[in-house]
Each structure stands twice: as structure tokens, then as C-alpha cells.
Amino acid sequence: MTDVVPGASITLCNPLDTEAPPRVVNERSGSRSLRVGMQIGAPVMELPGKHQLSGAIYPSSILGGHAVHGRLRAR
């Protein structure tokens with residue numbers, strides 16, 4: 001996460017596609033407890049004019065996040 005607006009949105013970067021632009025995601029409840037720099041796994045839906053999380057948010061530690069990224073890149 002590179003930006004959090006509590007009660008409104010979070011900005012996410014895709015570590016598997018570092019060329020992709022960050023996505024601002026409308027997220028009211030989760031944005032109240034998430035912090036800049038946290039690593040999460042979450043499905044993102046693209047809707048007309050906005051992005052929204054779809055389903056659960058899976059927080060991970062920095063080491064856990066790196067392990068997951070490595071496994072996904074190996075596929």
C-alpha cells in the first residue's frame with residue numbers, strides 16, 4: 001500500500017507487475033485499519049470509473065509477502 005485515506009480508499013501497487021500504475025481502490029471499512037507499507041493479497045475488481053476489493057483481504061508480513069511473490073513469479 002502506498003497511500004491510505006481512512007474511511008475512503010487505499011492505493012495499491014502490484015509487486016508482480018512493477019510497470020503497472022498504482023490503483024486507487026474504494027475501500028471504506030478496510031482503509032480504517034490498513035497502513036501505508038502493509039502488504040496484502042486481495043482481489044481487485046474494475047468497475048466503471050473505479051476499482052473495488054472483491055472478497056477477503058489477506059494481510060502478510062514483509063517476509064511472508066516476499067515468499068508469496070517468489071512463488072507466484074515461479075509459476
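What follows draws every value from the coordinates through simple rules; no lab data is involved. Values in this document were obtained by computation on a predicted structure and should not be read as measured data. Here the Cβ positions follow ideal geometry from the backbone for every residue, glycine too, while neighbour counts run over all protein chains shown.
Which of Asp3, Asp17 comes first, and how do the rest follow, when ranked by fewest Cβ neighbours within 10 Å?
Asp17, Asp3
Cβ-to-Cβ counts within 10 Å put Glu27, Glu19, Glu46 in ascending order as Glu19, Glu46, Glu27, the fewest first. Computed over Cα pairs, the Kirkwood radius of the chain leads via Stokes-Einstein (1.002 mPa s, 20 °C) to a diffusion coefficient of 167 µm² per second. Between Gly65, Gly49, Gly37, the GNM of the chain built on Cα springs shorter than 10 angstrom shows Gly49 fluctuating the most. Ordered by the number of other Cβ atoms lying within 10 Å of each residue's own Cβ, fewest first, Leu53, Leu16 fall into the sequence Leu16, Leu53.
The relative contact order of the chain, computed from alpha carbon pairs under 8 Å that lie at least 6 residues apart in sequence, is 26 percent.
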